[in-house]
Every structure is written in C-alpha cells, then in structure tokens.
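Take a look at the structure set out below.
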Amino acid sequence: QVDLVESGGGLVQAGGSLRLSCAASRRAFSTRAMGWFRQAPGKEREFVATISWSGANTAYADSVKGRTTIYRDNAKNTVYLQMNNLKPEDTAVYYCAAALLRYSSSYSSTANEYDYWGQGTQVTVSS
C-alpha cells in the first residue's frame with residue numbers, strides 16, 4: 001500500500017530552486033506531523049525539515065535553514081518543501097514522512113518517531 005507519494009525532484013543547476021510535493025492518504029496525514037528527510041549515496045539518512053499538524057511550528061536542519069520552507073495544505077493532504085539556492089551537497093533522495101504525535105503543535109526531527117514513509121524522489125544538483 002502507498003500512503004505517501006513524493007514528486008518534484010529532478011536535475012537542477014546550483015543556485016536553482018525546486019518544490020517537492022508529498023501527496024498523502026488520510027490515514028497517513030490527518031492529525032500527524034510531517035517531515036522531510038534525505039539520504040545521499042554512502043551517507044545516513046538525515047533530517048531536513050518538519051511541520052506540526054497545525055502548521056504553526058516548523059524546524060529545519062542547519063544545512064538548509066534560511067533557503068528552505070516547509071508548508072502544508074491540510075485540505076489537500078499535501079505537504080511541500082520549497083528549496084532555493086540549491087547546492088551540490090543537497091543531492092540526495094528526499095523522503096516524506098508522517099508522525100503521530102500528542103499535540104497538534106508537536107513536530108519532530110527524529111526519524112524513529114515517524115511511522116509512514118514515502119518511496120523518495122531524487123534531487124540532483126550540478127555544479
């Protein structure tokens with residue numbers, strides 16, 4: 001079964017922008033915090049961004065802070081990751097994930113707290 005489906009990845013030049021989308025099933029989206037993680041070849045999966053169910057609270061990895069925005073449209077069961085000024089080190093497979101947390105204001109940067117994961121979308125940034 002597919003609960004989260006990412007899209008929007010591709011090949012871009014350094015300095016360019018991408019908007020990644022994650023379309024979710026209701027069971028994987030409703031009342032859940034959402035997050036984006038990425039994994040580059042030969043490296044462990046790392047946190048990128050997270051947003052609470054309410055949308056009021058967000059957090060970002062230091063490596064993308066200031067040039068990245070996570071936001072959600074609860075009516076469409078979709079979460080987005082807008083990335084600007086992309087760098088070669090952003091090259092990775094990007095995964096969308098959902099976490100059932102206690103409060104609508106809760107969010108998480110810890111992968112183990114997420115119980116739904118998408119298949120990933122490839123982002124490649126050329127020099």
Flagged in region 41-77 as in a strand (DSSP E or B), buried (at least 18 other Cβ atoms within 10 Å of the Cβ) and hydroxyl-bearing (S, T, Y), in numbering order, are T50, Y60, T68
Within region 6-29, of all residues that are outside any loop (DSSP other than H, G, I, E, B) and among the hydroxyl-bearing types (S, T, Y), the one least open to solvent (accessible area, probe 1.4 Å) is S21
Please tell me if T124 is of a type in the set (V, I, T), open to solvent by 30 Å² or more (accessible area, probe 1.4 Å) and outside any helix (DSSP H, G or I).
yes
When only residues in region 81-105 that are assigned to a strand (DSSP E or B) and more than 14 Å from V123 (Cβ to Cβ) count, which is nearest to the chain's Cα centre (by Cα)?
A97
Over 20 Å from L4 (Cβ atoms), touching a Phe, Trp or Tyr at 6+ places or on another chain (Cβ under 8 Å) and polar (S, T, N, Q): does that describe N57?
yes
Against the conditions (1) within 21 Å of V125 (Cβ to Cβ); (2) touching a residue at least 24 places away in the same chain (Cβ under 8 Å), where does K65 fall short? Just the number, please.
(2)
How about region 106-115: which of its residues are under 14 Å from the mean Cα position of the chain (by Cα), under 12 Å from F37 (Cβ atoms) and open to solvent by 50 Å² or more (accessible area, probe 1.4 Å)?
S109, T110
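The values are calculated or read from the model by the stated rules, or taken from the named source; none is laboratory data. It should be emphasised that the depicted structure is a prediction, and the values quoted were computed from it without experimental measurement. All Cβ positions, glycine included, derive from the backbone under ideal geometry; neighbour counts span all protein chains shown. Accessible surface areas use protein heavy atoms only, side chains included; no ligands, DNA or RNA. Shrake-Rupley method; radii C 1.70, N 1.55, O 1.52, S 1.80 Å.
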